[in-house]
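What follows is a set of notes on a single structure, which appears directly below.
The values are calculated or read from the model by the stated rules, or taken from the named source; none is laboratory data. In this text, all values refer to a predicted model and were calculated from it rather than measured experimentally. Please note: Cβ atoms are built from the backbone with ideal geometry, for glycine as well, and neighbour counts cover all protein chains shown. Heads up: the accessible areas ignore ligands, DNA and RNA and are worked out on the full protein's heavy atoms, side chains in. Shrake-Rupley method; radii C 1.70, N 1.55, O 1.52, S 1.80 Å.
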Amino acid sequence: MNIPENLKYTKDHEWIKVDGDEAYVGITDYAQNELGDVVFVEIETEGEKLDKEEVFGTVEAVKTVSDIFMPISGEVEEVNPKLEDTPEIVNKDPYGEGWLIKVKISDKSELDDLLEASKYKELTE
Amino acid sequence: MKDTPLISKHRELGAKIVEFAGFNMPIEYTGVNDEHMAVREGVGIFDVSHMGEFWIKGPQALNLLQKVSANDASRLKPGKAHYTCLPNGKGGIVDDFLIYQYDDQLYMVVVNAANIEKDWNWFNQQNTFGAELEDASDRMSLMAIQGPYAQATLEKLTDEDLASMKPFRFKVGTLAGYDQVIISATGYTGEHGFELYVKNEDAPGIWEQIMQAGKQYGIKPVGLGARDTLRLEAGLCLYGNDIDETTSPLEAGIDFVVKFKEYKDFIDKDYLWKQKQEGVSRKLVGFVMEEKGIPRQHYEIADADGNVIGQVTSGTMSPVLKQGVGMGYVPVSYTQPGSQIFIRIRKKVLKAKVVQMPVFKKS
C-alpha cells in the first residue's frame, strides 16, 4: 500500500497535499483499492466554500457510491478536468494524475488535526 | 460462513472476497471492467458453486415439477434444460431457476444461492405426490466458462462434441480427466459458454486445467462483480433485485416461461391467466442514461413532471457502452422502446431512455 510521507490524511481515506495557501485533495491508494474500478466521479461544488468534513462530491465504483469529504475548510477552486472522461486515473495514480480538487485553505491551523502518514498507515492495517 | 471448494484458488489469485448468500465468494480479481471485457472478448471462468442443486426423482417427479414450475416440464427431453420460475401462490415469485432432465424420472433443478433453504422448503411443502427430493448443494460445485473462446478452451479438455450443442442442452461426460461432469450450454452473461456441474472434490483440479487450457486465449477468473454487470448488459433478471415475492412473471417480462396448457395445472395458473387477459399495469424495462449518471437499485424513476412512476431494480455503468444502464418497473405507458423517463440520482433528475432488452447485443 502506497502512503507517501509528504501528505496528510483523514480517517475517511482522503489525502491532502499543501502548497502555500492552496492544497490538492484526493483519495488514498488504500481507498481506490477498496472501491475497485472507479467509473464516475461527480463533483459539483466548484466555487463553493465548504467546511471541514462536508461532502464535496461522490466517487462511484461499479457497485458502490461513496461520499468524499473536505479534509479542511476552504473554497473548491478547481475540479480535476480529466475525471470527466477518464475516472480510472483515480485507480491508476491516486496521488498524482488522479487528484480530485484544488482547495483554497481557509484556516491552516486545521491541518494540525489531520493524520501523518504513519498514523494513517495504522488505520489501514 | 461456507467456503466453496475453490476458495484457496481465489485467495492465490488475489481475489477480493465478500460474503454473499452465506458463502465467502470472490467479488473481483483484476477489476470488474477488466474481467467483464475478458468475457466479452476472450474467455472468463466463474466459480458459482454457491448455487443450489436439488434432485427430483421417481415416477412422481414430473407431477411435482408441473405443479410448482410455471414452465412446461413435459416439453423437456433427456439432455435438455429450461429456465423457469416458482410462482408463490400470491402472484409473485419464490425463485427463478433451471430444470435439467436426465430421464423422465430424474431431474436436477438449480436455484439461487440466497434461496436454497426457502426453495427446499417450498418443494417439500408442495410435494403432495411423493416425489423423491434430494438437496445436493453441499456436494456439487459449479463453474461457468463464458465468452467467445469458452468452447475452444473446453474442447482442449474433452472429447465431447461441444460445437453441436445448442443452448440449454447438456451432456454428462469426461472433462479434464474427470468423469461424470455435467456440461451444460448455459450461462448468465449473454455470451456463448458453458456451465460445468462437478463433484466438490474434482472442482480444484478441473479449475486448474481450464485455467491452463485457456491461457492462450487470455482466460481470466471473473468475480461476482462482473457477473452482475454482464447479466445486466444481457438483460437477465436477478432474483432479489428485478424479481421477487411481489413481482409477477408477466410484469417481469419472463412470460415466455409461463405456459398455460390445459393439461398442466400449476400454482397461480388462474391468477396469472387473469392477469394475462386483463393486462398488467407495470412492466420491467431496460433503460440507458442519456445524461451522465449511474442508476442504482432503489433510485426513483420519474416522469417529465417529476412524478415518481417507478423504481430502479438494478443499475450499473455498462463497461461496454460506457453509459449508465439499468432496469426498473414502470407503468405500461412507458414501456415502448424510446419512451423518455427520468432517474432521480441524489439531487438531480437525469434523462434516460427505455430500450429493448438486452441493452447490449453483440453484432
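Observations
- For B:Glu19, the solvent-accessible surface computed with a 1.4 Å probe is close to 110 Å², ligands and nucleic acids excluded.
- Annotation: average projected area of the protein assembly as shown is 24.8 square nanometres, based on the convex hull of Cα atoms across all directions.
- Shielding of A:27-37 by partner chains, average beta-carbon count, 10 Å: 2
- Fraction of antiparallel bridges per DSSP, the protein assembly as shown only, in percent to nearest 5: 95 percent
- Hydrodynamic radius of segment B:120-262 by the Kirkwood approach over all distinct alpha-carbon pairs: 17.4 Å.
- Expected-Rg normalisation [2.2 N^0.38 Å, Cα atoms] applied to chain A: 0.96
- Over segment A:42-90, accessible surface divided per residue gives 46 Å², non-protein components excluded, 1.4 Å probe.
- Residue-averaged beta-carbon neighbours from other chains (10 angstrom radius) around A:58-65: 6
- Taking every alpha-carbon pair under 8 Å whose residues sit at least 6 apart, segment B:162-295 reaches a relative contact order of 15 percent.
- For the segment B:247-257, counting C-beta atoms of other chains within 10 Å of every residue's C-beta and taking the mean gives 0.
- By accessible area with a 1.4 Å probe, ligands and nucleic acids excluded, highest first: order of B:His298, B:His10: B:His298, B:His10
- Annotation for segment B:73-130: trypsin sites (Lys or Arg not before Pro) lying in DSSP loop with at most 15 further Cβ atoms inside 10 Å of their Cβ are B:Lys90.
- At the residue level, B:Lys353 shows approximately 80 square angstrom of accessible surface with a 1.4 angstrom probe and all protein chains present.
- Accessible area of B:Thr247 (1.4 Å probe, protein heavy atoms only, ligands and nucleic acids ignored): about 10 Å².
- The smallest convex shape that holds all Cα atoms of chain B, its convex hull, gives 136 Å³ per residue.
- Going by accessible surface with a 1.4 Å probe and the largest first, B:Phe46, B:Phe256 read B:Phe256, B:Phe46.
- Quarter of Cα convex hull surface for segment B:281-363, i.e. mean projection, nm²: 5.0 nm²
- Carbon plus sulfur fraction of accessible area for the protein assembly as shown, probe 1.4 Å, in percent: 47 percent
- Mean separation of Cα contacts under 8 Å, 6 or more apart, over the residue count of segment B:52-127: relative contact order %: 35 percent
- Scanning chain B for DSSP H helices at least 20 Å long along the axis (C-alpha atoms) with a Kyte-Doolittle mean no lower than -0.5 picks out nothing.
- Among B:Ser281, B:Ser141, B:Ser248, the residue with the largest mean-square fluctuation in a Gaussian network model of chain B, with springs joining Cα atoms closer than 10 Å, is B:Ser281.
- Values of log10 I(q)/I(0), in the order q = 0.14, 0.22, 0.29 Å⁻¹, for segment B:256-312 under a Debye, Cα-only, solvent-free model: -0.62, -0.92, -1.28
- Buried accessible surface for the B/A chain pair comes to about 1400 Å², total over both chains, computed with a 1.4 Å probe.
- Hydrodynamic radius (Kirkwood) for segment B:1-140, which is based on Cα pairs only, to one decimal in Å: 16.6 Å
- Remark: relative contact order (chain B) = 17 percent; criterion is Cα-Cα distance under 8 angstrom and separation of 6 or more residues.
- The listed residues A:Ser73, B:Ser164, once ranked by accessible area (1.4 Å probe) with the largest placed first, stand as B:Ser164, A:Ser73.
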